[in-house]
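For reference, the structure is listed below as structure tokens.
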Amino acid sequence: MKSENKIHVILLSVYFPPILSVASNRMIAFAKYLDKDKFNVSVVTLYSDGSENVELPENVKVYYVKNSQFLKLATFKKHSSYLVHKLKALWNKIIISLNIPEYSSWQKGAYKKLKEIIEHDSQTIVIASFPVEEPLEVAIKIKAEFPEVKFIADLRDALSANPFVNEQIRSRYDNLEKRVLKSADIITTVSEPIIDDLKIKSTNSKIIFSEIRNGFDFKPGSIKKANNKFTITYAGTFYADRNPSHFFNALNSLIETKQIETPIVNFLGVSGGIIIPKVLKNTVNCFERVEYEQIIPKLKSSDALLLVQPGNGFKGLFSGKIFDYLGAMRPIIAAIDKNDVAAKLISDCNAGFVASFDNENEIANAILSAYKLWKNNESLKFNEELILEHHRSMQVLKLNQLILSLFHE
């Protein structure tokens, strides 16, 4: 396809490198793996410290837009005490309760930038990324002014069905969701239950819904020699109900009853917000926010990987780290909702041992199962074919096809 005939794909997202986030990983994968023979790819995103030094994918133009908003949410990039961590969380609750639009300044700048780079009478598509409402707001406004522009709403999280927001935010999300369902040509999201919920709410018969999961973006792991000491690794953060207390209790019971030798437990990217029992102080190692590229080798060199996700009635919740765990191909100890999509995926991939989030006997059995694999120097028979389907490049292939379908109806 000649350059002048290429479709212009504009990724619109607050999250993009150098910002560290699963949402950033999703957007950089879109930019990296979209077919450059068919698409000219631009990104309009948030300026952050270090934006000038980001190594960008080839043939991708990135426009960094600053946000001059004064009142913002606190970040958790550096290690802090339990008290400071809780004070930051309280500050964030206050900002949210006051309904302060954190990225309103960025929204105005992003809208202006899109108007500059959209060429009239060209084939253009805007892919607006949620979480963060502002990219969707910009895309809705652009779609109203440029009806010929196609609009994909990429919802990494649910909107009105999101279980982690208060009623005030849920009401705002509900209003935004209604407008997205009217305006978008395609809605992509990470799991079928979220799609099913949106389909019920939609009255737009022309809208297309498609599941594009998150994934991993590295060479898959392989069978390796066990560590001298059983090593469990957790990558990510803890907040609210997502905490390791049940895991700690289950692990301690196994150690006290001498069913396992004391392991090494590494928490990567945990900067506070948890209380480690005294009996496990010498067992659990917390590392501050770790670069994504540094996390992957640590996952691959572990004997087991810990996944913690409380069930709350909401279905369709894939923790972003589950795909990195799958790619690392180390046994997963999962304390999660046994009736949700993550549990099914782990089972389908034969990738680990699933327990209910708050059932400490089940968690202990999962730990013990992984421990026995390590002790006997054995490995699971992973479903490698299914795991490889969750490489980022394979998921973005679906996005390529969706975009082309909009312009070849």
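Filtered by the rule that a residue be touching a strand residue (DSSP E or B) at 6+ places or on another chain (Cβ under 7 Å), more than 17 Å from residue 383 (Cβ to Cβ) and part of a loop (DSSP other than H, G, I, E, B), segment 312-337 gives a lone residue, 319.
For segment 154-172, a residue qualifies if it is in a helix (DSSP H, G or I) and open to solvent by 30 Å² or more (accessible area, probe 1.4 Å), and the qualifying residues are 167, 168, 170, 171, 172. Of all residues in segment 302-310, none are within 17 Å of residue 190 (Cβ to Cβ), at pLDDT below 95 and in contact with a Gly (Cβ under 6 Å, 6 or more places away or on another chain). If you go through segment 112-137 and keep only what is within 16 Å of residue 172 (Cβ to Cβ), of a type in the set (A, V, I, L, M) and either at pLDDT 95 or above or open to solvent by 80 Å² or more (accessible area, probe 1.4 Å) (or both), you end up with just 136. Against the conditions (1) more than 25 Å from residue 20 (Cβ to Cβ); (2) touching a Gly at 6+ places or on another chain (Cβ under 7 Å), residue 315 satisfies every one except (2). For the criterion of being among the small types (Gly, Ala, Ser), modelled with pLDDT of 95 or more and in contact with a Lys or Arg (Cβ under 8 Å, 6 or more places away or on another chain), residue 356 passes.
Filter segment 346-364 down to residues that are touching a His at 6+ places or on another chain (Cβ under 9 Å) and open to solvent by 70 Å² or more (accessible area, probe 1.4 Å), then give me how many there are. Residues meeting the conditions: 1. Residues in segment 202-226 that are of a type in the set (Val, Ile, Thr) and either within 16 Å of residue 332 (Cα to Cα) or in contact (Cβ under 8 Å) with a residue 24 or more places away in the chain (or both) were compared, and the one that is most open to solvent (accessible area, probe 1.4 Å) is 223.
With respect to the conditions (1) out of contact with any Pro (no Cβ under 7 Å at 6 or more places or on another chain); (2) loosely packed, with under 13 Cβ neighbours inside 10 Å, residue 229 falls short on a single one, namely (1).
Residues satisfying the criterion are absent from segment 48-65 (criterion: acidic (Asp, Glu), open to solvent by 30 Å² or more (accessible area, probe 1.4 Å), in a loop (DSSP other than H, G, I, E, B) and touching a helix residue (DSSP H, G or I) at 6+ places or on another chain (Cβ under 6 Å)).
Here residue 371 passes the criteria (1) closer than 30 Å to residue 253 by Cα; (2) touching a Lys or Arg at 6+ places or on another chain (Cβ under 6 Å) except the one numbered (2).
In segment 268-307, the qualifying residues are those that are touching a strand residue (DSSP E or B) at 6+ places or on another chain (Cβ under 6 Å), in a loop (DSSP other than H, G, I, E, B) and of a type in the set (A, V, I, L, M, F, W, C), and the one that is surrounded by the most Cβ atoms within 10 Å (Cβ to Cβ) is 270.
Would you please name the residue that is modelled with the highest pLDDT, looking only at residues in segment 234-256 that are in contact with a helix residue (DSSP H, G or I) (Cβ under 6 Å, 6 or more places away or on another chain) and not in a helix (DSSP H, G or I)? Looking at residues that are in contact with a helix residue (DSSP H, G or I) (Cβ under 6 Å, 6 or more places away or on another chain) and not in a helix (DSSP H, G or I), I get 235. In segment 388-401, of all residues being in a helix (DSSP H, G or I) and surrounded by fewer than 19 Cβ atoms within 10 Å (Cβ to Cβ), the one that is farthest from the chain's Cα centre (by Cα) corresponds to 401.
The values are calculated or read from the model by the stated rules, or taken from the named source; none is laboratory data. Computed from a prediction, not measured in an experiment: that's the story for all the values here. Cβ sites come from the backbone with ideal geometry, for glycine too, and all protein chains shown count toward neighbours. Just so you know, the surface numbers come from the protein's heavy atoms only, side chains and all, with ligands and any DNA or RNA stripped out. Shrake-Rupley method; radii C 1.70, N 1.55, O 1.52, S 1.80 Å.
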